[in-house]
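The values are calculated or read from the model by the stated rules, or taken from the named source; none is laboratory data. Note that the structure is a prediction, hence the values are computed from the model and not measured. Here Cβ is always computed from backbone atoms with ideal geometry, including for glycine, and neighbour counts include all displayed protein chains.
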Amino acid sequence: MLPTIIIVAVIAIIALWAVGQYNGLVKLRNLVQEAWRQIDVELQRRHDLIPNLVETVKGYAKHEKGTFEEVTRARAAAAAPGSGPAEQAAQENVLTQALGKLFAVVENYPDLKANVNFQQLQAELTNTEDRIAAGRRFYNANVRTLNTKVETFPTNIIAGMFGFHKEEYFETTDEATRQAPSVTF
């Protein structure tokens with residue numbers, strides 16, 4: 001009788017542990033998905049600000065058509081739905097480079113730099129960039145935690161049984177985009 005009770009108790013403890021690990025993995029997966037959705041919201045905000053910024057600059061720098069077209073193409077590619085973190089990061093890198101060129105154009109127009117609308121748009125874009133960076137840090141921290149659980153023993157057994165997998169980090173691989181574009185007013 002006593003050995004049966006011990007076996008049942010051990011099985012119950014293992015089952016409770018497995019349920020706890022499974023629930024922990026579900027929680028982490030949901031945190032990763034939520035963090036990605038928050039980055040997506042901030043990226044959309046960025047994409048919405050860019051046409052206003054381009055239109056403001058266009059009024060002053062009419063002959064810079066190539067730069068405007070490059071920013072517009074990069075924005076359209078970055079705003080396209082359905083990409084994962086790695087692809088989204090690559091598209092955002094191209095957009096960041098195009099914005100850097102746009103701000104280089106702005107340097108040639110002192111009246112534009114003094115324009116209140118431009119200053120407000122620049123401040124909003126800076127604020128959005130800060131929010132994207134914070135969101136990326138939060139997302140990557142959750143991805144790191146999930147990936148660690150998915151890869152470490154014994155949680156990896158539960159992860160494998162229920163189809164949990166590693167998630168992609170949202171990171172930039174281009175050294176030029178790792179540096180903020182220098183914009184002086």
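Per-structure values
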| quantity | calculated |
| --- | --- |
| Residue identified as surrounded by 13 or more Cβ atoms within 10 Å (Cβ to Cβ), in a helix (DSSP H, G or I) and touching a His at 6+ places or on another chain (Cβ under 7 Å) among A78, A35, A74 | A78 |
| Any pair with Cβ under 7 angstrom, 6 or more apart, that starts in the range 53-81 at a residue that is within 14 Å of A104 (Cβ to Cβ) and ends at one that is basic (K, R) | T67/K101; F68/K58; E70/K101 |
| Residue in the range 85-93 that is in contact with a Leu (Cβ under 9 Å, 6 or more places away or on another chain), surrounded by fewer than 19 Cβ atoms within 10 Å (Cβ to Cβ) and part of a helix (DSSP H, G or I) present | no |
| Residue match in the range 18-41 (condition: modelled with pLDDT of 90 or more and over 30 Å from I158 (Cβ atoms)) | yes |
| Condition met for L112 (under 21 Å from Y60 (Cα atoms), at pLDDT 85 or above and of a type outside the set (G, A, S)) | no |
| Yes/no for E42 being part of a helix (DSSP H, G or I), closer than 30 Å to Y109 by Cα and without any contact (Cβ under 8 Å) to a residue 12 or more places away in the chain | no |
| Test: T67 is in a helix (DSSP H, G or I) and modelled with pLDDT of 90 or more | no |
